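Worksheet for the structure shown next.
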Amino acid sequence: MAKLSVRDLDVNGKRVFMRVDYNVPMEEKDGAMAINDATRIRETLPTVRLLLGKGARLVLAAHLGRPDGKREPTMSLKPVAEKLGELLGQPVAFCDETVGEKAEAAVAALQNGQALVLENVRFHAEEEANDPVFSARLARLADVYVNDAFGAAHRAHASTSGVARIVRAWGGKCAAGLLMERELKFLGDELEKPARPFVVILGGAKVSDKIKVIDRLLDKADTVLVGGAMAYTFRLAHGGKTGKSLVEKDHTGTALSAESKAKAKGVGFHLPVDTVVATPVATGKLNKKGRMIFDLQNPRVVEGDIPDDAEGFDIGPKTAAAYEAVIAGAKTVLWNGPMGMFEDERFAAGTIGVAKALVAATKLGAKSIIGGGDSVKAIHKAGLGDQVTFMSTGGGASLEFLEGVALPGVTALDEV
Ligand code: AMP
């Protein structure tokens, strides 16, 4: 069922409490906190502008970092309010409280078409506890609730869930912002009845992290392409050698049952035929986490089994070419998880190849959907961010949504 959209709200003169994702990277510069990347603020501008244009009195709530329920000056949203004002081209007020008399007075002072940013909701431990009293204190600032923070929608917190319940009980509407709406459209509706062939590309470190997504998408996909370290658990499950590669020995059964399900459903299930490996040599130095740093020597391509002294870090060129050919024929492509350890240039070719194939398929009319997290980073690294149909803004939230889990921040919104 579709969720009520912010586009269909009458908000003139109303106090709109909007949960946004302003969890931006910050750094201390000359004694003040500076925003390193304002993408998340910029992404909310369409919804913010829409609401202000309709005469809303906009109250923005967000979290920043993990202050663990305490006031932490380096995690204040004040610089975010300033940046938002700059991007909007109009002043945005900031209240150094999240709830209570001061916050209520600041909201009461808003005129139609003006916006205010509240202080970090996580300065209160009640936020993450989804405390009903705290939720009610937030709801005192609202006539209408809007959620545009998909990345936080998998959490049942006061600002993502509890406050909506109370706003609704008090007779107010609860709607999805434009960003949230796009996430629900592309990760939800579009994949419910995808244009075929529907190709799913899954990578990343662990089978165990992705198994629920694999299981659910096997009901929808025509072909599944597997890459990343998770492919080595499949190799192990087939009795193959994986050398020093990252494997999950406890999940070989999980891997085999996914393959059997694919076979039973007639879904093409492809595993890598070659691998880029390197020989890890201990340097004797420890990283920040106290773990040994390895020098990855002699990168090379091997077919089939991975030698005992080697570790796999990327899909090989034959696999990449085969995957690219499958992607070329797709009408819908969903990608979640890199094909290898793409952060290191020597092991990025498989991931970049897949990213380029996705862009080429998009140019031929396919819908390409990037399911969040590291695949989004990889697409940006390849400089192709603007050439796919949709990139999710969520990490954990995207994965849970793709698993078919009902996200508290989504279920909290009105249905139409
Ligand atoms: P995930 O969060 O599960 O999507 O995993 C992403 C991470 O897995 C990235 O940081 C990749 O560097 C890493 N990764 C993917 N393939 C490999 C591999 N073959 N060996 C080691 N790490 C990998």
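Summary table
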| item | result |
| --- | --- |
| Relative contact order (percent, whole number), the chain, Cα cutoff 8 Å, 6+ residue spacing | 16 percent |
| Student exercise, the chain dipole from Lys, Arg, Asp, Glu Cβ charges, in Debye to nearest 20 | 600 debye |
| Positive-end extreme of charge dipole, segment 1-62 - chosen from 59, 46, 12 (charges on Cβ) | 12 |
| Contact order relative to length of segment 115-257, as percent, for alpha carbon pairs under 8 angstrom and 6 or more apart | 17 percent |
| Length-normalised contact order of segment 193-403 in % [C-alpha pairs under 8 Å, at least 6 apart] | 22 percent |
| Ranked packing of 129-136, 102-109, 226-233, most packed first, by mean Cβ within 10 Å | 226-233, 129-136, 102-109 |
| Cβ crowding within 10 Å averaged over residues, with 138-147, 12-21 ranked highest first | 138-147, 12-21 |
| Label-point gap, in nm, between residue 377 and residue 321 - each point 7 angstrom along Cα→Cβ | 3.1 nm |
| FRET efficiency, residue 300 to residue 206 (Cβ-Cβ, R0 30 Å, nearest 0.05) | 0.75 |
| Mean Cβ neighbour count within 10 Å, used as a protection proxy, ranking 73-81, 247-255 highest first | 73-81, 247-255 |
| Angle between the chain longest axis and helix 317-328 axis [Cα atoms, degrees, rounded to 10] | 50 degrees |
| Förster radius 30 Å - calculated FRET efficiency between residue 238 and residue 289 (Cβ-Cβ, nearest 0.05) | 0.35 |
| Net lengthening on full extension, residue 36/residue 189 (0.36 nm per residue, minus Cα-Cα) | 51.7 nm |
| For segment 1-111: rounded, prolate or oblate by the Cα gyration tensor [a/c cutoff 1.5] | prolate |
| Unit charges at the beta carbon, dipole of the chain: most positive-side option, 227, 177, 117 | 177 |
| Approximate spin-label separation residue 282-residue 87, in nm, with each point projected 7 Å along Cα-to-Cβ | 4.7 nm |
| Residues of segment 113-151 with amide N under 18 Å of a point placed 7 Å along Cα→Cβ from residue 170 | 116-119, 121, 127, 130-147 |
| Difference of contour (0.36 nm per residue) and Cα-Cα distance, residue 105 to residue 45 | 19.1 nm |
| The chain: angle of helix 39-53 to the longest principal axis, Cα-based, in degrees nearest 10 | 40 degrees |
| Structure-based [θ]222 nm, the chain - -39500 (n - 2.57) summed over DSSP H runs of at least 4, per residue, nearest 500 | -9500 deg cm²/dmol |
| Helix 349-363 vs. the chain, principal-axis angle (Cα, 0 to 90°, nearest 10) | 60 degrees |
| The chain shape via C-alpha gyration tensor axes, a/c threshold 1.5 | prolate |
| Residues 370, 41, 211, sorted so that the one with the fewest Cβ neighbours within 10 Å comes first | 211, 41, 370 |
| Whether segment 283-407 is rounded, prolate or oblate, judged on the alpha carbon gyration tensor where a/c under 1.5 counts as rounded | oblate |
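Every number in this text was worked out from the coordinates using simple rules, so none of it is lab data. Worth saying up front: this structure is predicted, and the values here are computed from it rather than measured. In this analysis, Cβ positions are derived from the backbone assuming ideal geometry, glycine residues included, and neighbour counts consider all displayed protein chains.
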